[in-house]
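First the structure, in the form of C-alpha cells, and then the observations on it.
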Amino acid sequence: MLVILSSTMAYPTVPFNQAQFSIDYINKYDLNEGMLFSLMRKNRTAIIIIGLATLFMISPLLLNHQALYGVDGPFQYSRIYEAAMQLKNHNFSFINLYSFQQAGRIVNSLYSPLVAVLCGALLLLVGNWFRFQIITLFIVYFLGGYLMYNAAQKLRLPRKLAIALGVIFLSSSAVYGFLFGIMWRSIAVSLLPIFIGPILDLYHGDWSLPSMLKLGIFVGILAQFQILTIGMFLPFLIPFFIHGIWQSKQKLSTSLNFLAGVLLALRTCLESFQEYSQEG
C-alpha cells in the first residue's frame with residue numbers, strides 16, 4: 001500500500017623550484033580537467049537522453065509536488081531519519097536513539113550503515129523528504145542508465161543501441177521499482193552494470209592487481225546496499241573465473257592478485273560496521 005507524503009610534515013632536503021612545481025601542477029590539473037570535459041563531450045548525447053528519461057520517470061512526483069511512502073518506506077526512511085538525527089545532534093550510538101518502529105534497535109549498525117549515514121547527511125542538507133526523494137530517485141535512475149550505457153560501450157555495442165539499453169534498464173521494474181517500494185534492492189540492481197568491466201578482465205585473464213582491487217571495491221560497494229544481491233551475483237562470476245585462470249600464464253601471481261581483491265572486498269564490507277560500532 002502506498003501512502004502519499006507532502007512535501008609531522010618533513011621539510012624538503014633538495015632544492016625546490018616553486019615556479020616549476022606550480023607550472024607542472026597547473027598543467028596536470030588542466031590535463032585532468034580537459035580529459036573530464038572531453039569525456040563529457042564524447043558522451044553528451046547519452047547523458048542528455050538518459051537525463052531526460054530520468055526526469056520523465058520522476059515527473060509525476062515533480063508535477064504533483066508529492067513524495068511516495070512505499071512498501072519499505074517505514075523501514076528505510078526510519079533508518080535514514082535515525083542517521084540524520086545522530087549526525088545533527090552529534091550523538092552517535094550503536095543502537096537507534098531517535099526511531100524504532102519496524103527498523104529495530106541496532107539495524108543501522110548492521111544493515112548498510114555507510115549508506116544510511118550518507119542518506120542522513122543528504123536529508124539534513126536538502127531539508128525535507130520531498131527534495132530528498134527527488135534527488136535520490138534521480139541519482140539511482142540516472143546512475144543505473146548511464147552505467148548500463150557504459151557497460152554496453154565496453155562490450156563494443158553501437159552507441160545508439162547502448163543508449164537505448166541504458167534507457168530500457170533505468171525504466172525496468174527492477175530499477176524503477178525503487179519509486180514504489182523504496183527498496184535497497186533496486187539500488188543494488190542499478191549498480192550491477194559496473195561489473196561488466198571486471199567480468200571482461202576475468203574472462204580475458206587480465207588479473208592484474210589494479211583490476212582485481214577494482215573488482216573488490218565494486219563488490220564491497222554493492223554489499224553496502226544488499227547482501228542478498230551479492231549472494232546471487234557472485235556465483236555468476238565462477239565461469240569467467242575458471243576461463244580466466246585457465247588462460248593465465250602466471251597462475252600463482254594472478255591467484256594472489258585475486259586473493260587481494262577478495263580481501264579488499266571483505267574489508268570494505270566490514271570496515272563501516274567496525275567503525276560505527278566502535279563509536280557506540
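The values are calculated or read from the model by the stated rules, or taken from the named source; none is laboratory data. As the structure is a prediction and not an experimental result, all values here were calculated from the model. Ideal geometry is used to build each Cβ from the backbone, glycine not excepted, and the neighbour counts take in all protein chains shown. Remember, those area values only see protein heavy atoms, side chains included, never the ligands or the DNA or RNA. Shrake-Rupley method; radii C 1.70, N 1.55, O 1.52, S 1.80 Å.
Filtered by the rule that a residue be surrounded by fewer than 18 Cβ atoms within 10 Å (Cβ to Cβ) and either at pLDDT 85 or above or polar (S, T, N, Q) (or both), segment 182-196 gives a lone residue, 196.
Of the helices (runs of 4 or more DSSP H) that lie entirely inside segment 121-181, those containing 3 or more residues that are on the phi < 0 side of the Ramachandran plot and surrounded by fewer than 18 Cβ atoms within 10 Å (Cβ to Cβ) span 129-154, 159-170. Screening residue 207 with (1) more than 19 Å from residue 60 (Cβ to Cβ); (2) open to solvent by 10 Å² or more (accessible area, probe 1.4 Å) gives one miss only, at (2).
The single residue among 50, 80, 58 that is among the β-branched types (Val, Ile, Thr) and closer than 16 Å to residue 128 by Cα turns out to be 80. Taken together, the residues in segment 64-91 that are more than 17 Å from residue 226 (Cβ to Cβ), open to solvent by less than 10 Å² (accessible area, probe 1.4 Å) and in a helix (DSSP H, G or I) amount to 4.
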